[in-house]
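S.K.: Please see the structure below; I have some questions.
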Amino acid sequence: MRGYNSSKSPWLLLILLIIGGLIGSLLGVTLGNVLPVLNQGFQLIGLEPTTIDLLVIKVTFGLLLKFNVASIIGFLLALFVFFRR
């Protein structure tokens, strides 16, 4: 396989970004009283939940992403770890 490097898998990047964002958000909410800038939120990005009722089945779609400063820091640290490997 030409140019394949198993340590630079896009799945690993996705997992690291999710973990970094979750840990960053958790720290932002936890330390928000001590350092309010960490819990400073940004506008929601995504699609509001929408329901389609077809009488036989009801399907709901939606995805909203809520970022704060600490989650952005978590994303950046995840990128640093990924490219440092």
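Quick note: the coordinates plus some simple rules give every number you see, no bench work behind them. All of these numbers come straight from a predicted model, not from anything done at the bench. Please note: Cβ atoms are built from the backbone with ideal geometry, for glycine as well, and neighbour counts cover all protein chains shown.
S.K.: Read through the labelled values [x] 14.5, 48; [y] 12.9, 40; [z] 17.6, 52 and report the label of the one computed as Rg and Dmax of the Cα atoms in Å from the structure.
M.R.: [z]
S.K.: Oh, and also: Residues in region 25-56, backbone N under 20 Å from the label point at ARG84 (7 Å along the Cα-to-beta-carbon vector): list them, ranges by number please.
M.R.: Backbone N within reach: 25-28.
S.K.: Assuming 0.36 nm per residue, please report the length gained on full extension of the stretch LEU47 to THR30 beyond their Cα-Cα distance.
M.R.: 3.4 nm
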